[in-house]
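Here is the structure we will look at, set down as structure tokens.
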Amino acid sequence: MGFAGGMETAEILVRASLSDESTMNFYNEMMDANGGVRAHYQRYDDWLKSTPHERIARKRAEADLAFHRVGITFAVYGEEAGKERLIPFDIVPRIIPSAEWKALQSGLRQRVKALNMFLHDIYHDQEILKAGIIPAEQVLNNAQYRPVMKGVDVPGGIYAHIAGVDVVRAGEGEFYVLEDNLRVPSGVSYMLEDRKMMMRLFPELFAKHKVAPVQHYPDLLLEKLRAVAPKGVSNPTVVVLTPGAYNSAYFEHTFLAQQMGVELVEGRDLFVKNEVVYMQTTQGPQRVDVIYRRIDDDFLDPQAFRPDSALGVPGILKAYQAGNVTLANAIGTGVADDKSIYPYVPEMIRFYLGEEPKLNNVPTYMCRKKDDLDYVLAHLPELVVKEVHGAGGYGMLVGPAATKEQIEHFRQLLLAKPDGYIAQPTLALSNCPTFVEEGIAPRHLDLRPFVLSSGDCVNMVPGGLTRVALTKGSLVVNSSQGGGTKDTWVLED
Amino acid sequence: MLSRTADHLFWMSRYIERAENLARLLDVTWQMSMVPQSEDAANQNWHAIITLNSLDEAFAAKYPAVNAENVLRFMVSDADNYSSIYSCLRLARENAHAVRGTITTEMWETLNFTWLEARDKSFEQILNAGIGEFFEWVKMRSSLSRGTTLGTLLQDESYHFIRLGTLLERADNTARILDVKYHVLRPHGDEGATDFYQWGALLRSVSAFEVYRKAYRDVITPERVAELLILRNDMPRSLHFCMNGVVKNLDLIANRHSGETQRQAGLLHAQLHYARVEDILAQGLHEWLTDFMDRIYILGDGISKDFLVPLAEAA
């Protein structure tokens, strides 16, 4: 897993002709097609060329040591309990010019707004289903659709308070949304730590560039969480709910709680009495108003969802339905970031906002449709096929990289259960110069901006988390597969 | 503060303090073993450490004989032994990990780095580098941890729980060191050079050698050693000093359930405050220390029930 919330997804973009990896086929973030340095990378390139190799090597070693000592690590499932790994950090930043970011930001705002309206709609009047824009059974029979949320009014009508939208660039550099992570997206702590590390290692670079700051993210998050407190609560108690120290993203949970100055709680620290949530403190019970929960719906309340969950809080759903506590994100957001719903997001934007989508979706074939299925079966070697409800990169076929046997295997799977799969063309993911053993070489990357919503306001800090696939030719940016991260710079004008 | 957070802080500080005191105890035993003595006597000293920690069974299950190397291996590096220095440093770090958002970055880094270093040292490496070096290192890491706590942490409830854990653990551990060493030393009683070195080593193990000189300006006698380590009000590792802090910190965190625990702590403190070493020795030091350790245990239990793992969820 590495990261919760679809951190695995960029691997579908494997441009899989691994044998003849010619970087010229990919959009390079730093260099243009003629091998010249793009304007927004010019100063960095000058600096890089004028800085001795030894100094850079020393700084890279320093970064490794610092990350280890601070313990910015993630736990790896299936390995010895308590074992932690570092996520490799690359010192070449991913730079985004101001104008590109503004366009991207405006597209993200539009998209997340529509997704929140969609969530409100399907748990209330279901206008979009009545209008026939999305087949009702696609939503209502979806395992992520939570009937317990029907008619529940959440503060400000916001469901996805925190969205981690995975964006990639392909072709001539246009942005595509790969996935909208609306459940418990993670990775923001790495975004913040990467920036801190870059400023510590190379302060001179920040004197030469006007890099938009990101360090206020925890304040922005706290502001949003406080804004969605239950009605009548003027000074809400906010907590972060974690599954515990062995969760892969535990570092981030502690980090955010500390940065916001709120308690980090586990399920066993909370209890519900008369539909009110309390935490157990050394001075007795204390009421809790807003819970930034980093636990999946299924584990939230053993009385309502999985009865075997030891991570949750019995009775919390009732307290939530009664409006006595706010959960961020809301219960039941998973239906909106499901792969079977993803193809409809552009339609949602048109339906709710009356606007044309500003960001591209990756064209998606829904195998439950006969025509789509026929096309997919005929083009398997070129396509990426994914399980609709799959996660973590399991149950996936990357056509161009697959063996004949694998393709045949998927053909049988598709024929047996077409509605369980979607397919997308293999995109040529953009790349960026990155330090690797041989020196500096282009590696593929993606971007996850963190989009925060409350009421009518949608905000984000400039940039997001850039993940990079460190293995040559690979587009697997997943942290547990050796993916790394880069600091992301949005340049101010 | 969350009860669970307080629990982790309390145990984090207990484990690092325990690691330090264990290093002190092993160090003094190691040093005493260098004074000429029969093999039996030497092994008896090592065996006392096992017995003191109620580890006879666990030890016997893994090691064929009681001797310096086996006991050191068991108490320093054995991951299966939850009382070893290795395990204490691991548990201190695990507890810190669970509350790393509550403690300061420096505190976390100190405990995390201590554990990472300890984890990478094999027993053979420790022996080769000189085991005394290792004990010094453990003491320094514990000091560093205490220092970063004092130097960086807001002195709110979290600080009080940390201090409470440190002092309660230290009271217990000093009593144990005194008990096991006094026991071994006392019967010989002769005023030879051997005794001087043995008492000197014991005092050094609790960093009290210079303190003794300063306080008494006289030869080392067992009575004064006992007095210094039990009753001296201003000696940071004495039982009296520890109980001063326990009472003070308990008062600062008091809640509506903690009255009985505070009373017990106050009583124990008063008894130390007004005690005379002659009376304690007349009663029998071993008996007195055993009773003291029992009462420390009861206090820890009371703190746990009152603050750390509240049973009733009465809102």
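The values are calculated or read from the model by the stated rules, or taken from the named source; none is laboratory data. Just so it is clear, the model here is predicted, and its values are computed rather than measured. Positions of Cβ are generated from backbone atoms using ideal geometry, with glycine treated the same way; all protein chains shown enter the neighbour counts. Protein only, heavy atoms only, side chains kept; ligands, DNA and RNA dropped before computing areas. Shrake-Rupley method; radii C 1.70, N 1.55, O 1.52, S 1.80 Å.
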Handout entry: Test: A:Leu65 is at pLDDT below 90 and either of a type in the set (Phe, Trp, Tyr) or open to solvent by 50 Å² or more (accessible area, probe 1.4 Å) (or both)
Key = yes
Handout entry: Scan of segment A:365-386 for residues that are among the hydroxyl-bearing types (Ser, Thr, Tyr) and buried (at least 17 other Cβ atoms within 10 Å of the Cβ), ordered by number
Key = A:Tyr365
Completion exercise
Flagged in segment A:321-341 as on the phi < 0 side of the Ramachandran plot, open to solvent by 10 Å² or more (accessible area, probe 1.4 Å) and at pLDDT 95 or above, in numbering order, are A:Gln321, A:Ala322, A:Asn324
Fill in the blank from the handout: Screening B:Thr148, B:Thr110 for residues that are closer than 28 Å to A:Asn247 by Cα, among the hydroxyl-bearing types (Ser, Thr, Tyr), surrounded by fewer than 20 Cβ atoms within 10 Å (Cβ to Cβ) and not assigned by TED's automatic domain parsing to the domain that holds B:Asp291 leaves only B:Thr148
Problem - Boolean, A:Leu397 is open to solvent by less than 30 Å² (accessible area, probe 1.4 Å) and more than 26 Å from the chain's Cα centre (by Cα) - result: no
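With the condition kept exactly as written, say whether any residue in segment A:259-270 is more than 27 Å from the chain's Cα centre (by Cα), within 12 Å of another protein chain (Cβ to nearest Cβ) and surrounded by fewer than 23 Cβ atoms within 10 Å (Cβ to Cβ). Steps first, please.
Restricting attention to segment A:259-270, the residues satisfying the condition of being more than 27 Å from the chain's Cα centre (by Cα) are A:268-270.
Adding the requirement that they be within 12 Å of another protein chain (Cβ to nearest Cβ) leaves A:268-270.
Then drop every residue that is not surrounded by fewer than 23 Cβ atoms within 10 Å (Cβ to Cβ), which leaves A:268-269.
Yes, segment A:259-270 contains at least one residue that is more than 27 Å from the chain's Cα centre (by Cα), within 12 Å of another protein chain (Cβ to nearest Cβ) and surrounded by fewer than 23 Cβ atoms within 10 Å (Cβ to Cβ).
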Practice task
Check off (1) in a strand (DSSP E or B); (2) open to solvent by 10 Å² or more (accessible area, probe 1.4 Å) for A:Met279 and give me the number that stays unchecked.
Solution key: (2)
Fill in the blank from the handout: Filtering segment B:105-121 down to residues that are hydroxyl-bearing (Ser, Thr, Tyr) and either at the interface with another protein chain (Cβ under 10 Å from one of its Cβ atoms) or under 14 Å from B:Asp7 (Cα atoms) (or both) yields B:Thr105, B:Thr110
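Being away from chain B (no Cβ under 14 Å), at pLDDT 50 or above and under 26 Å from A:Lys196 (Cα atoms) is true for just one of A:Glu54, A:Glu84. Which residue is that?
Exactly one of A:Glu54, A:Glu84 is away from chain B (no Cβ under 14 Å), at pLDDT 50 or above and under 26 Å from A:Lys196 (Cα atoms), namely A:Glu54.
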Problem - Failed item, numbered, when B:Ser207 is tested on (1) among the hydroxyl-bearing types (Ser, Thr, Tyr); (2) part of a loop (DSSP other than H, G, I, E, B); (3) crowded, with 21+ Cβ neighbours inside 10 Å - result: (3)
Completion exercise
Inside segment B:263-289, the number of residues satisfying the requirement of being open to solvent by 50 Å² or more (accessible area, probe 1.4 Å) and either touching a residue at least 40 places away in the same chain (Cβ under 8 Å) or not hydroxyl-bearing (Ser, Thr, Tyr) (or both) is 12
Fill in the blank from the handout: When segment B:213-236 is checked residue by residue, the ones that are closer than 21 Å to B:Ser143 by Cβ, within 15 Å of the chain's Cα centre (by Cα) and open to solvent by less than 20 Å² (accessible area, probe 1.4 Å) are B:Leu229, B:Met235
Exercise for the section: Check whether at least one residue in segment B:147-154 is part of a helix (DSSP H, G or I), away from chain A (no Cβ under 14 Å) and touching a Phe, Trp or Tyr at 6+ places or on another chain (Cβ under 6 Å), and report yes or no. Expected result: no
Practice task
Kindly indicate whether any position in segment B:43-64 is in contact (Cβ under 8 Å) with a residue 12 or more places away in the chain and under 30 Å from A:Gln259 (Cβ atoms).
Solution key: no
Problem - Among residues of segment B:94-104, those that are more than 10 Å from B:Thr5 (Cβ to Cβ) and either of a type in the set (D, E, K, R) or within 7 Å of another protein chain (Cβ to nearest Cβ) (or both), counted - result: 3
Practice task
Can you give me the number of residues within segment A:299-320 that are buried (at least 16 other Cβ atoms within 10 Å of the Cβ) and either within 27 Å of the chain's Cα centre (by Cα) or on the phi > 0 side of the Ramachandran plot (or both)?
Solution key: 14
